[in-house]
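Reading through the C-alpha cells given below for one structure.
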Amino acid sequence: MHRMRLAIGLLSFGALFWMLPGVACPAEKRASADRDEPSVPARLTVLRSKATAHPMDRTRQAAALGRLTDPREVRDQQVVDALCRIAADPTDDLFVRMECVDALGELQSNVFADDHARAQYAMPFVSMLKDAREDELLRAKVAQVLGRTMPADRPQTQHAVNAMAALAEERSGSLLLRVACVDALAQIGAASELVDLVVAVLPQPNLDPLLQERSIKAFGEVLTQASNLKPIPLPTMLRIRDLALNPSAPLELRVAALRALAVLKKSGPAKSFDLMPELRRILREAEDAGLVVAAIEATGILDEADAVTALVAAYRDFFDAEKPDRENDLRIRSQIVRTLGGLLNAQASKKRPDAEAIRLTAELFLAIVRPVEENREAAAIREEALFALRYLHPRRAEFQRFHQPAIARLLEVAKADPQAGKEFPKALAETLTILARHPDLKTLERWEQWYRQTYPGAD
C-alpha cells in the first residue's frame, strides 16, 4: 500500500511539474525561442538607428539580415535597399558598413537566383572600391564580396575587374587591398587582366612575397581555364621559373610558382623549359612536404614520358613499413596516388596510351590494396588506391589486360575482410561493378561464382 501511494504521488507530482507555468517542455521552448527572435522590421529599425544603437548591436542585426532565406520577405521588407544605403554612407560606422557589405554578398549568394541584390550593390561597390578616401578595410571587404558574387558575363563585372586590376598593380597601395583584389580577380576568372597583372607586378622592386605568391597562384589557376590568352613575355616566365627553383624563396611562393610553371609548359608558352629534372630532384631531396606535394602536382600537370616512373619511385621513397602513418609521408603518398589516378584517367583519351605507364600504375595500385594482414599501408591510402583502380575501366587492350588481376585482387581483399561475408563492402562493390561492367551481385559468394565463370582456369 505504501509503495502504491508513493507511485501515485510521484505521478501526480510529474503531472503538476509539467503544468507549472514556469516549466516549459522542449517544444514550448522552441516556440518561445521563435517568438523571441526579432522580426525583420525590428532588425531593420536597430540597423538604421545610427544615432542611438551601439555599433556592435547594429553589426549583429546586419549579419542576421544576411542570413535570411526567404526571398519574398527580403524583397517586401526592402532589406537590400537598407543594407546598400548604410554600406555606401561614408559617415556611418566603418564596421557596420563592412557587415552590411558582407550581408549583401550572403543574400546574393544564398537567396537570389536573379540579380536582385547584385544589381543594387554592384556599381556603388565599384565606386567605393575606387574611392581612395575610403578605409582600406572596407575596400578590401568590397573586393572580396565582388569576387565571390560577380559572374564574368555581367556588364557591371568589367567595371569591377578594371578597378581591381588597377588597385592590384598600384605600387603604393596597401598589401591588404592589393591581395584582396588579386584573389577577387582569380575568383571571377579575369584571365587577361591577371596576365597583365603578373607581367606588371613581378618586376616591381621590393615586391612583398605574399603578393607575388597570390598573383602567381591566381595566374596559374586562370591559365588552366582560359583559352586564346595574349602572349606571355619571356622575362615573366623566366621570373616565375627563378622563383620556383630558388631554394631561398618562401615556401608558399615556390609552391605557387612550380604549379604555374608546369601549366605554362604544358599549355605551350614555356615549352622549351625542362622541368622534370628539377621536379625529380625535389621528389628525392626536398625536406618540406608542401614542396614535395607541389612537385607531385606539377609532375601530374606535365604528364611527360617519365612522369609515372618518377611518381612510383617517390611513393616507394615515402613509404616506411615500420612507420606507415607518419603524417607528412601520408600526405605525400596520398597526393601521389591521386595524381597517378589522374594520369591513368588521361591515358584513356590518348590516341596511343602509354602501356608502360599504365602497367606501372596498375601494379602499384594492386600492391597498395593488398589484404590487410599482408599490407602495412594506411587505410586512407588503400581507400584512395581502391578508388583509383576504377580508371582501369576502358575497353582498350592496354587497360583490359589488368581487369582480371584487379578483380581477382578485389575479391581477395573481400575474402580477407571478416565483415564481407555478412555485407559486401560498398567501396569494393563499386569498383568491382565498374571493372566487371556487371550489376552488383551483393555477396562475396556470388561474385566469386561470377569470377570463376568469367575467367575459367584463372588462379
Just name the residue that is nearest to residue 104 (Cα to Cα) out of those in the range 37-77 that are without any contact (Cβ under 8 Å) to a residue 24 or more places away in the chain and polar (S, T, N, Q).
-> 61
Filtering the range 425-447 for residues that are farther than 15 Å from residue 369 by Cα, of a type outside the set (A, V, I, L, M) and surrounded by 14 or more Cβ atoms within 10 Å (Cβ to Cβ) leaves a count of 4
Determine whether residue 184 is free of Cβ contacts under 8 Å to residues at least 40 places away in the same chain, outside the structural domain of residue 224 (by TED's automatic domain parsing), under 22 Å from residue 211 (Cβ atoms) and not charged (D, E, K, R).
-> no
When residues of the range 247-272 are limited to those that are in contact (Cβ under 8 Å) with a residue 40 or more places away in the chain and in a loop (DSSP other than H, G, I, E, B), the one surrounded by the most Cβ atoms within 10 Å (Cβ to Cβ) | 249
If the Cβ limit is 7 Å and pairs must be 6+ apart or interchain, which residue in the range 273-301 that is outside the structural domain of residue 217 (by TED's automatic domain parsing) pairs with which residue that is hydroxyl-bearing (Ser, Thr, Tyr)?
-> 279/299; 296/339; 297/339; 299/339; 300/339
Just name the residue that is surrounded by the most Cβ atoms within 10 Å (Cβ to Cβ) out of those in the range 360-379 that are assigned to a helix (DSSP H, G or I), touching a helix residue (DSSP H, G or I) at 6+ places or on another chain (Cβ under 7 Å) and not hydroxyl-bearing (Ser, Thr, Tyr).
-> 365
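Regarding the range 395-406, can at least one residue be identified that is in contact with a Gly (Cβ under 9 Å, 6 or more places away or on another chain), modelled with pLDDT of 95 or more and charged (D, E, K, R)? Lay out the reasoning, then the answer.
Filtering the range 395-406 down to residues in contact with a Gly (Cβ under 9 Å, 6 or more places away or on another chain) leaves none.
No; the residues of the range 395-406 include none that is in contact with a Gly (Cβ under 9 Å, 6 or more places away or on another chain), modelled with pLDDT of 95 or more and charged (D, E, K, R).
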So which of 146, 137 is surrounded by fewer than 17 Cβ atoms within 10 Å (Cβ to Cβ) and under 27 Å from the mean Cα position of the chain (by Cα)?
-> 137
Of all residues making up the range 228-246, the number that are charged (D, E, K, R), closer than 14 Å to residue 268 by Cα and assigned to a helix (DSSP H, G or I) = 0
Which residues, taken from the range 327-373, are among the hydroxyl-bearing types (Ser, Thr, Tyr) and more than 24 Å from residue 288 (Cα to Cα)?
-> 349, 361
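Would you confirm whether any residue within the range 82-102 is exposed (fewer than 11 other Cβ atoms within 10 Å of the Cβ), modelled with pLDDT of 95 or more and either acidic (Asp, Glu) or closer than 30 Å to residue 149 by Cβ (or both)?
Going residue by residue through the range 82-102, those that are exposed (fewer than 11 other Cβ atoms within 10 Å of the Cβ) are 91.
From what's left, modelled with pLDDT of 95 or more: 91.
Still in the list and also either acidic (Asp, Glu) or closer than 30 Å to residue 149 by Cβ (or both): 91.
Yes, the range 82-102 contains a residue that is exposed (fewer than 11 other Cβ atoms within 10 Å of the Cβ), modelled with pLDDT of 95 or more and either acidic (Asp, Glu) or closer than 30 Å to residue 149 by Cβ (or both).
For the range 321-331, check the following and say yes or no: at least one residue is among the basic types (Lys, Arg), over 25 Å from residue 203 (Cα atoms), crowded, with 23+ Cβ neighbours inside 10 Å and touching a residue at least 40 places away in the same chain (Cβ under 8 Å). First the steps, then the outcome.
Filtering the range 321-331 for residues among the basic types (Lys, Arg) gives 323, 326, 331.
From what is left, the residues that are over 25 Å from residue 203 (Cα atoms) are 323, 326, 331.
Right, trim to crowded, with 23+ Cβ neighbours inside 10 Å and you get none.
There is no residue in the range 321-331 that is among the basic types (Lys, Arg), over 25 Å from residue 203 (Cα atoms), crowded, with 23+ Cβ neighbours inside 10 Å and touching a residue at least 40 places away in the same chain (Cβ under 8 Å).
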Quick check, is residue 146 in contact (Cβ under 8 Å) with a residue 12 or more places away in the chain, within 13 Å of residue 214 (Cβ to Cβ) and either in the same structural domain as residue 66 (by TED's automatic domain parsing) or not hydroxyl-bearing (Ser, Thr, Tyr) (or both)?
-> no
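Results for (1) within 14 Å of residue 100 (Cβ to Cβ); (2) assigned to a helix (DSSP H, G or I); (3) not assigned by TED's automatic domain parsing to the domain that holds residue 128, shown as yes or no for each residue.
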| site | (1), (2), (3) |
| --- | --- |
| 41 | no, yes, no |
| 45 | no, yes, no |
| 50 | yes, no, no |
| 59 | yes, yes, no |
| 63 | yes, yes, no |
| 69 | no, no, no |
| 72 | no, yes, no |
| 80 | yes, yes, no |
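Going residue by residue through the range 145-152, is there one that turns out to be under 30 Å from residue 271 (Cα atoms) and not in a helix (DSSP H, G or I)? Break it down stepwise before answering.
The initial filter retains those residues of the range 145-152 that are under 30 Å from residue 271 (Cα atoms), namely 152.
Imposing the further condition that a residue be not in a helix (DSSP H, G or I) reduces the set to 152.
Yes, the range 145-152 contains a residue that is under 30 Å from residue 271 (Cα atoms) and not in a helix (DSSP H, G or I).
Per-residue answers, yes or no, for (1) within 20 Å of residue 228 (Cα to Cα); (2) modelled with pLDDT under 95:
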{"position": "165", "(1), (2)": "yes, no"}
{"position": "172", "(1), (2)": "no, yes"}
{"position": "191", "(1), (2)": "yes, yes"}
{"position": "195", "(1), (2)": "yes, yes"}
{"position": "203", "(1), (2)": "no, yes"}
{"position": "206", "(1), (2)": "no, yes"}
Has the range 208-223 got any residue that is surrounded by fewer than 21 Cβ atoms within 10 Å (Cβ to Cβ), touching a Leu at 6+ places or on another chain (Cβ under 6 Å), part of a helix (DSSP H, G or I) and not hydrophobic (A, V, I, L, M, F, W, C)?
-> yes
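The values are calculated or read from the model by the stated rules, or taken from the named source; none is laboratory data. Bear in mind that the values here come from a model prediction, so they are computed numbers and not experimental data. A quick note on method: Cβ atoms are made from the backbone with ideal geometry, for glycine too, and the neighbour counts reach across all protein chains shown.
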